[in-house]
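These notes are about the structure you will find just below.
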Amino acid sequence: MSSSTIEHVVLIKVKPDADSSQVDTMITDLNGLISIDTVLHLTSGPVLNTTGSSLFTFTHMLHSRYNSKTDLDIYVQHPNHLSVVQSVLPLFEDFMVMDWVTDRTLNTVVIPPGCAVRVTFLKLKENLGEEVKDEVLDVIKENLKGIKQFTCGENFSPDLAKGFSIASIAIFKGVNEMEEADSNLEKVKDFVESVCAVDYVVPSPSNLQ
């Protein structure tokens, strides 16, 4: 599998007064975007919890993967994607988007149902040099106990990232393994202004109907 797989994560906060049937339709429509040719993997659903910055409390997540930035652009500009975005945006109270290039070769791009996913976004303090940024990336690349797959990188789509610049995604066999994992972010806390972490479980196809 190509080492240049693109990670695309959208964190969503649905309005508290949103109708539950509309939210269910939103999830179905978002998961339907897997049909776009350039999408390697796509899943969307409710998050388990959001930790870190008190400014962000997200309710849903979309995670997808692509072979290249060009393939991601094709997805973003595809009529089906544009139509779904137009239909679901009225349900959003807030959202943010991060895109990064995987830092290692993936053994598989498709994440099986039932796996637990922890997405972490970092906002670094201002005026840090490139060597500090590299140090932060090196630290968060360290594998965690119980991890099945891990990628991290620098965000290349800053417009919708709310100032967050470094992202990582850790895949675990299940929720128990994820909850037992120790974070290594304590080592770089002096360089980090804000952290946003979201936990999510990949739903089974039967739960996407």
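Read-outs: derived from the displayed coordinates by stated rules, not from any lab. Keep in mind that this is a model prediction, so the values were computed, not measured. For neighbour counting, all protein chains shown are included, and Cβ atoms are generated from backbone atoms with ideal geometry for every residue, glycine included.
A few points about this structure:
- Summing charges over all other residues whose Cβ lies under 15 Å from the Cβ of CYS196, with Lys and Arg as +1 and Asp and Glu as -1, gives +2.
- Electrostatic dipole magnitude of the chain [Cβ: Lys, Arg +1; Asp, Glu -1; Cα centre; debye, to 20]: 320
- Computed over neighbours whose Cβ is under 15 Å from that of THR108, the net charge equals +3, Lys and Arg +1, Asp and Glu -1.
- Inter-part distance, the stretch 43-87 to the stretch 91-140, computed on C-alpha centroids, equals 14 Å.
- 17 Å Cα-Cα reach of LYS187 towards aspartates and glutamates, excluding residues that sit fewer than 8 places from it in its own chain: GLU131, ASP134, GLU135, ASP138, GLU142
- Shape of the stretch 1-52, Cα gyration tensor, a/c cut at 1.5: oblate
- Under 12 Å, Cβ to Cβ, from GLU7 - net charge with Lys/Arg +1 and Asp/Glu -1: 0
- Ranked packing of 121-132, 96-107, most packed first, by mean Cβ within 10 Å: 96-107, 121-132
- Residue (of ILE12, SER194, ILE36) at the positive-pole extreme of the chain, dipole from beta-carbon charges: ILE36
- Only one residue of PRO158, SER87, VAL132 has its Cα farthest out toward the positive end of the dipole of the chain, where Lys and Arg carry +1 and Asp and Glu -1 on Cβ, and that residue is SER87.
- Scattering profile of the chain at q = 0.10, 0.14, 0.17 Å⁻¹ [log10 I(q)/I(0), Debye over alpha-carbon scatterers]: -0.40, -0.83, -1.26
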